[in-house]
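Written out below as structure tokens is the structure these notes cover.
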Amino acid sequence: MVRLVSAWVLVNAVLLGPAWIGAALGAVSSAPWLSLEAALLVAGIALLPRRPWRPAVAWILAVGLVTLSAASFGDLVFRQSLGRPLNLSLDLYLLGAVYDLAVGNTGSVRTFVGIVGGVLVAGLLVVAVAWLLTPPDTERAPRDRLVRRVSAGLAAAAAALFLLGLGVDGVGRRVTAPVASLLAEQAALFRVTREERVAFAGELEAPPSARPEPPLLLSRLEGRHVALVYIESYGMAALEDPELAGVVVPRLEAAAARLEDAGIHLVSGTLESPTLGGQSWYAHGSMLSGLWLQNQLRYELLLASDRETLIDDFRHAGYRTATVMPAITTAWPEAVRLGYDEIHTSQNIPYAGPPLYWVTMPDQFTWAFLAGLLDQADGPLFAEVGMVSSHAPWTPVLPLVDWDSMGDGSVFEPYRLEGYPPEETWWDVAVLREGYGQSLAYSLDAMASFAERFLDDGTLLIVSGDHQAAPWVTGAGGAEVPVHVMTRDRALVEPFLAWGFRAGALPDSKIEAPRMDEFRGWFLTAFSGGVPSDDGVTP
């Protein structure tokens, strides 16, 4: 009997452990105490014949329960970091990204120890559950009969509660059915994913509409360079959360004053990102393609198609195209598919300074590299750039250095180990929020300093957030991001003002934000010299 009770307690803990962790971290308001399935499964297996079924079933059940618990924990992490549930039919590819992020933030040794530790814990749980569910053959018959009777009653009670639906989806209840809830949700997501594949394939196959042809295409730019720059994790929470805004807004207001004194026009607005907390490539892809890429399936279907993007639009208009993505550390076939003329990643950007945990190079160096590309361009250039200093774990926060002393980045060597180590910041949300606000302030200072020093009459600079930071850091549930447009030619900001932007560094948060997939079509129409009769844009 002790063995039966111990098995029930352990299986209950395995199934509800993720919920208990979530409650302890404040991710959910409360957690249930009892799992109906723990009682049903433990009691049910006790009713099986000892040989040959019970040992085999016990091991299969133990592996399955630990796997389901791991999936539940992954679901908790996804909800708190990306603001959505785990989708097992789409998200397994992120294991590689999680590994890279862990190595970048804590180092390969700690990451390896963490992986080994997790595997050992999972293995020990499997062994413990299987052992408790398989009593020895020497147990006495009267005791065995008692166990069977208790198990039969327990199984009947649990089955009755389960069939009556008590506790299903029971966040905040004391009795729940976590396995049924998880499997039902994953089945629904699988069905939606299949429907999504069909729906998006239809969008990709839709006949293209007309777009302006050269010399009308993007002719209102008059051959000026265009830089589309993303600041990592820059969402409207940075301007609306009182604590974060107290750090970020004064920097933006000071930047606006400096840019005005330098003769630079600054207007700001908002866009709705397709992602929250991470997966920046969905935002980049939506801006470029004019398609709403809110999941990996849509993104991969876009890459597998021959759909043209804003990169092709600029190329048709006579521009050379480039991308600067210092966060990319490996081969990047997606960029080849998208058709950039120049691809610059951490592997070929000439940075000799230190990596700063996950951040491969500070924003100021990336801005300087962009300045060199614009200065050396023989003709008009379109550049898409990613700034990563504001990426988690938001440590260390660097000061701006003198642009002339930057050189190959070695000047940043003294800052290699400044600030809290990432393994300490992850456990303290207050420290995370402080680092997040300060890193955004640095990124915005670097942006303004670049514009003040390098932005000339021949460049239109568009700086956008890619997504909000993780909800468990900001508490934000919305997906709106700020967008800042800078130029020395007043005429170039007029279309943005007509689109709902306003002068200055602070966007109007009261108006509805256009979605990022609207940007491509709007930009082509706004900056082309003529609009076709169907007022459309070529996909």
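Between rounded, prolate and oblate, where does the stretch 390-481 land on the alpha carbon gyration tensor, with a ≥ b ≥ c its root eigenvalues, rounded for a/c under 1.5, else prolate if a/b exceeds b/c? Numbers along the way, then the final one.
Working: a/c = 3.35, a/b = 1.28, b/c = 2.63.
Cα axes put the stretch 390-481 in the oblate bin.
Please work out whether the stretch 275-371 counts as rounded, prolate or oblate from its C-alpha gyration tensor, where a ≥ b ≥ c are the square roots of the eigenvalues and a/c under 1.5 means rounded, while otherwise a/b larger than b/c means prolate and anything else oblate?
oblate
In percent, what relative contact order does the stretch 421-529 have, based on Cα pairs under 8 Å that are 6 or more apart in sequence?
19 percent.
At a 10 angstrom cut-off on C-beta neighbours, averaged per residue, how do the peptides 466-478, 344-356 rank from highest to lowest? Don't skip to the end; give the middle numbers.
Working: 466-478: 21.6, 344-356: 16.5.
Those peptides, ordered most packed to least, come out 466-478, 344-356.
By the gyration tensor of its Cα atoms, with a ≥ b ≥ c the square roots of the eigenvalues, what is the shape of the stretch 434-508: rounded for a/c under 1.5, prolate for a/b over b/c, or oblate?
In terms of gyration-tensor shape, oblate.
Can you tell me which of 287-295, 389-397 comes out highest on packing, and rank the rest after it, using the mean Cβ neighbours within 10 Å?
389-397, 287-295
Which order do the peptides 267-278, 480-491 come out in when sorted by mean C-beta neighbours inside 10 angstrom, highest first? Before the final figure, lay out the partial values.
On the way: 267-278: 23.1, 480-491: 21.1.
Ranking the peptides 267-278, 480-491 by packing returns 267-278, 480-491.
Rule-based calculations on the coordinates, nothing more; no lab input. Note that the coordinates shown come from a computational prediction; the quantities given were computed from them, not determined experimentally. For neighbour counting, all protein chains shown are included, and Cβ atoms are generated from backbone atoms with ideal geometry for every residue, glycine included.
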